[in-house]
Amino acid sequence: MRFVNPLHLLLCLSAALGSTAAWALPSDRDQPIHIQADSAELDDKKGVAIYRGDVVITQGTLKITGDTVTINQNTLGDIERFTAVGKLAYYEQLPEAGKSIVQAYGRTIQYFASNERIVLIDQAKVIQEGNTFEGEKIIYDTATQVVNAGRATGDTITTPQPRIDMVIQPRKKTPGEQSE
């Protein structure tokens, strides 16, 4: 591994991240990617970039934070996966105009670009339209906005939760629906 000038690294990864269509929603894909960290390390041969120290990645409405973020690329330079780790790593994005921002937390957050899924492990939580989903492991499909929550297997869990905790808000009725 070798250390790279953070400005050079930012330019290289911005080009690579921008090349993957699954990274962000259509309105976000055209936005520049900003990466802030205390240090950065890049291994060109392995296609791995590691950012450390209060990492903040933004692109349009997309925001990812963590103590450490690792980005894995394939041989074409497309993003395969990123992994954010922290006391609580964080993800947020506006799914579409007129909707509220989706927020997700976990000690580990993995984003798989090819199938647009986020896996939250340990102290996992997703907040969407006022609804909350909490558990040991949550899989969130960003394309369909479907959440699956359950027990984590084979992973070290700092806060075991024997059950899933969900809060679902009632649907707001329109004035016409209220009189029926």
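Within region 79-118, the set of residues being touching a residue at least 60 places away in the same chain (Cβ under 8 Å), part of a loop (DSSP other than H, G, I, E, B), more than 14 Å from V146 (Cα to Cα) and out of contact with any Asp or Glu (no Cβ under 9 Å at 6 or more places or on another chain) comprises E96, A97.
So that you can scan it fast, the table gives a plain yes or no per residue for (1) touching a helix residue (DSSP H, G or I) at 6+ places or on another chain (Cβ under 8 Å); (2) closer than 21 Å to I168 by Cβ:
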site: D78; (1), (2): yes, no
site: G86; (1), (2): no, no
site: A89; (1), (2): no, no
site: Q103; (1), (2): no, yes
site: K125; (1), (2): no, yes
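Taken over region 119-152, the residue count meeting the criterion of being polar (S, T, N, Q), out of contact with any Phe, Trp or Tyr (no Cβ under 8 Å at 6 or more places or on another chain) and in contact (Cβ under 8 Å) with a residue 12 or more places away in the chain is 5.
Being without any contact (Cβ under 8 Å) to a residue 40 or more places away in the chain, polar (S, T, N, Q), more than 24 Å from T132 (Cβ to Cβ) and not in a strand (DSSP E or B) is true of T75.
Close contacts from region 49-67, counting a first residue that is at pLDDT 95 or above and a second that is among the aromatic types (F, W, Y) and part of a strand (DSSP E or B), with Cβ to Cβ under 9 Å and a gap of 6+ residues or different chains, come to T65/Y90; T65/Y91; G66/Y51; G66/Y90.
The values are calculated or read from the model by the stated rules, or taken from the named source; none is laboratory data. All of these numbers come straight from a predicted model, not from anything done at the bench. Here the Cβ is made from the backbone with ideal geometry for all residues, glycine too, and neighbour counts use every protein chain on show.
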